[in-house]
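Shown next, in structure tokens, is the structure this report addresses.
None of the figures in this text is laboratory data; all of them are computed from the coordinates on show. Note that the coordinates shown come from a computational prediction; the quantities given were computed from them, not determined experimentally. A quick note on method: Cβ atoms are made from the backbone with ideal geometry, for glycine too, and the neighbour counts reach across all protein chains shown.
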There are 2 protein chains.
Amino acid sequence: MLSVSEAVAHLLEDSRILAATEQINLMESLGRVLADGMLAVIDVPPADNSAMDGYAIRIAECSDQKKPIPLSQRIAAGHPPQALQAGTAARIFTGAEIPPGADTVVMQEHCEESGGGVLIHQLPPPGANIRPRGQDVRSGQQMLPAGQRLRAQDVGLLASQGIGRVMVRKRLRVAVLSTGDELIEPGAASAPGKIYNSNRYTLHGLLRGWGCQVIDLGIAPDQVDAITTLMKRAAAEADVIVSSGGVSVGEEDHVKAVVESLGRIDLWRIAIRPGKPFAFGNVLGTPFLGLPGNPVSVFVTLLIIGRPYLFACQGIAHKEVIPVRQQALFGHHSSSREDYLRVRSTPGGLELYPSQSSGVLLSTSWGDGLVRQAVNEDIHPGDLVDFFPYSLLS
Amino acid sequence: MLSVSEAVAHLLEDSRILAATEQINLMESLGRVLADGMLAVIDVPPADNSAMDGYAIRIAECSDQKKPIPLSQRIAAGHPPQALQAGTAARIFTGAEIPPGADTVVMQEHCEESGGGVLIHQLPPPGANIRPRGQDVRSGQQMLPAGQRLRAQDVGLLASQGIGRVMVRKRLRVAVLSTGDELIEPGAASAPGKIYNSNRYTLHGLLRGWGCQVIDLGIAPDQVDAITTLMKRAAAEADVIVSSGGVSVGEEDHVKAVVESLGRIDLWRIAIRPGKPFAFGNVLGTPFLGLPGNPVSVFVTLLIIGRPYLFACQGIAHKEVIPVRQQALFGHHSSSREDYLRVRSTPGGLELYPSQSSGVLLSTSWGDGLVRQAVNEDIHPGDLVDFFPYSLLS
């Protein structure tokens, strides 16, 4: 059996960026993936400016603190200053540009205006209260690497550089297919032998959350012809195909045969629980991920094994998710497979959902993350364990 | 000064759910907030079903393992079974419904088909390999609480119950206003005295990530009339108004005066760094949050102080974010305010961005979270500190 990390490594080796690039407006770029590294194009701040509301002066002219200094201009933020006239001060506000010739700002709390001039009660050191040009960011400095998935603050950072359009990766098109004659859609009346299709919804949600464009192929009946038609369509329209169910070796599992006939499929035995079987291959050259059919297995395998691969296909720079070390309030026997336990974090530690069966989707909704239990390592109450909050995998 | 937790508590006390409800299709519900708690409406699985590919039998009839048992039916998943004829077995596949009269499934690896019958080499215990009806979820059981923000697995869970439409909160309409004559939009040519408006982009990104519908009011010039017009429009169209800049007491800060004239504004001195000043009030009855103008202050105050309030207004059940205890690789002097330090997590511990100035937005993009430094508690290298990965605040 492959270990989980071996399986992820194999997939990453096999991955390449499948998403082309496009230029979009910055306002639409949240969650998108930068195609290129971004360097700073301007200094921030762009000019020396005042850190305070106060008075801009040339400090060498202000030795006599008894005498008011005439005010020659008023500089608000956003309004360009004139050069400071010799022997005068400028009223200045936070963020406003320092006038040429001034070298210091006195905060208003240390001053008093009287008769068209300003009396300085307390002189600061030379250069005080000025934010120098380029203090925060210097033109040419590295800001964001290629492959960065843009967060709110990254978009803000690009905006602060005046960058109005960005080159990003197109959304990865992922075709999603569920298989099984027993599946019916939510909203339909229940019927004997039928169960509602949850995998489609879980998969859509995860993939959309990761920035993918989902191409919905619906439910394939357990018939070779129907699955073949859908797979051909998926290969033509999508960058990656994800299916749930139908890849074990049972007589009713036709996905394997269809993928084999149209490309290639390898069944991987991965030491993960919940989770096997897992299949990887291609349909007419389009990568194919075959997930198990059980709802929790689908969820866990896509999060743990599929996610790094799908990120790589999007051009997202690979970064291993570092688990949080947290205290378990439960015990759990280990097995020969890496276990992903559904847990809930509380201020006192992590609680285990009572049923860890791969059919109990409620176990994933009940809690807020997964504990990774190593092969053959029992967990005892009080142990520090590797916890992955779901939000770290988003 | 108010402590951060006092400020958050005051805001939460003042909050109420501002978003009305609407019924939507389950497929559109990712990230939306449940208006009502959801109980299970059906048992899962809906009927006893097979956990294996194998043979369904009545075990009391199978004491003689030498003799093949005739096969009377074949039951695939999704196809309703007939009652099991006495003295026969049924070929059955994973997920298929157990036929009435059968009480045990023998896995196929322990059987051998021969001449229309099946020879059982190894009998399991009675009841083996059957997943009983309601094992995973029982009808009437609590599934998801009101106020749950729906994640992929929650949507999957609702789907597994056949629920095709859900009652959710409408998206909270948040009007966003930036103030300052010095602001210009990204993409525009730079000009003396001007700086690019980043706050608009940071705020849009955070609010959209939290499921809000952003109403963009653009940049208000530093003029009372213009701000008044925009504020009236915001009060009419939005559930909450958020502005950045303009709420300190400077001569050029007109937002305060306008909000005061149209409703009420309280300037809060909150012991947070970066972050003060922070204003809370209302414009013609619509709640108003006045953030500082500095890019990092905007980011931190909205994450730490604004987020719990905006979640409450959306009807999201309040849940305190539990920080991760992580090792600091840096030292940092404390102050009389709660510090939110921009850090980067590495396998070895947390690194500090070299500049913690509130103007350096790059500090938020460089890293992946905030360390909360308590008032008057220095941090030394090697200390365990409270770390909030940004993803926990998403």
at B:SER3 the sorted inter-copy label distances (label 7 Å from Cα on Cβ side), in nanometres, are 4.5
Surpassing 22 Å at the alpha-carbon level, of the pairs B:LYS170/B:LYS276; A:LYS276/A:LYS319; A:LYS256/A:LYS276; B:LYS256/B:LYS276, are B:LYS170/B:LYS276; A:LYS276/A:LYS319
Shape call for region B:324-393, from the Cα gyration tensor axes a ≥ b ≥ c (a/c under 1.5 means rounded, otherwise prolate when a/b beats b/c, else oblate), comes out rounded
Label points for A:GLN142 built 7 Å along Cα→Cβ; distances to same position in the other copies, nm, shortest first, come to 5.0
Connecting every pair of Cα atoms under 10 Å apart in chain B and solving the GNM, the largest mean-square fluctuation among B:ARG138, B:ARG337, B:ARG149 falls on B:ARG138
If A:GLU260, A:GLU320, A:GLU338 are placed from fewest to most neighbouring beta carbons inside 10 Å, the sequence is A:GLU320, A:GLU260, A:GLU338
Row for region A:238-350, column shape: gyration tensor on C-alpha, a ≥ b ≥ c, rounded if a/c < 1.5 i.e. under 1.5, prolate if a/b over b/c, else oblate; value oblate
Taking a crude spin-label model, label points 7 Å out from Cα along the C-beta direction, the A:ILE24 to B:LEU119 distance in nm is 6.3 nm
The answer for A:MET143, listing residues at least 5 apart or on another chain whose modeled amide H is closer than 5 Å to its amide H, is A:MET38, A:LEU39, A:ALA40
With Cα springs under 10 Å, the Gaussian network model of chain A assigns the largest mean-square fluctuation among A:ALA96, A:ALA235, A:ALA328 to A:ALA96
With the label set 7 Å along Cα→Cβ, B:HIS121 is separated from its counterparts in the other copies, in nm and shortest first, by 9.8
Averaged over residues of A:309-316, the number of beta carbons from other chains lying within 10 Å of each residue's Cβ is 0
Honestly region B:182-233 on the Cα gyration tensor test (a ≥ b ≥ c root eigenvalues; a/c under 1.5 rounded, otherwise a/b vs b/c for prolate or oblate) is just oblate
A correct fewest-to-most ranking of B:ILE92, B:ILE270, B:ILE265 by other Cβ atoms within 10 Å would be B:ILE265, B:ILE270, B:ILE92
In debye to the nearest 20, the charge dipole size for region B:260-355, taken about the Cα centre with +1 at each Lys and Arg Cβ and -1 at each Asp and Glu Cβ, equals 100 debye
Ranked from fewest to most other Cβ atoms within 10 Å of their own Cβ, B:PHE93, A:PHE288 fall in the order B:PHE93, A:PHE288
Applying the span-like rule to chain A (DSSP H, Cα extent along axis at least 27 Å, Kyte-Doolittle mean at least 1.0) gives none
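DSSP beta bridges in chain A, what fraction antiparallel, as a percent rounded to 5? List each step's numbers first, then the result.
Working: 55 of 80 bridges.
Antiparallel: roughly 70 percent of the beta bridges in chain A.
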Candidates B:GLU377, B:GLU182, B:GLU112; GNM for chain B (alpha-carbon contacts under 10 Å) flags as most fluctuating B:GLU112
At R0 = 22 Å the Cβ-Cβ FRET efficiency linking B:ASP386 and B:GLN213, nearest 0.05, sits at 0.10
Place a point 7 Å from the Cα of A:GLN327 in the direction of its beta carbon; the residues of region A:363-394 whose amide N falls under 12 Å from it are A:381-385
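Is there a quick way to get the dipole size of chain B? I mean about its Cα centre, with the Cβ of Lys and Arg at +1 and of Asp and Glu at -1; what is the value in debye to the nearest 20? If you can, show how the numbers build up before the last one.
Numbers: 34 positive and 40 negative charges, 113 e Å.
That gives a dipole near 540 debye.
Okay, helix-only estimate at 222 nm for chain A: each DSSP H run of n ≥ 4 adds -39500 (n - 2.57), divide by all residues, round to 500 deg cm²/dmol; what do you get? All intermediate terms of the calculation are to be shown ahead of the outcome.
Values: 8 runs with 73 residues, N = 394.
My calculation for chain A gives -5500 deg cm²/dmol from helical runs alone.
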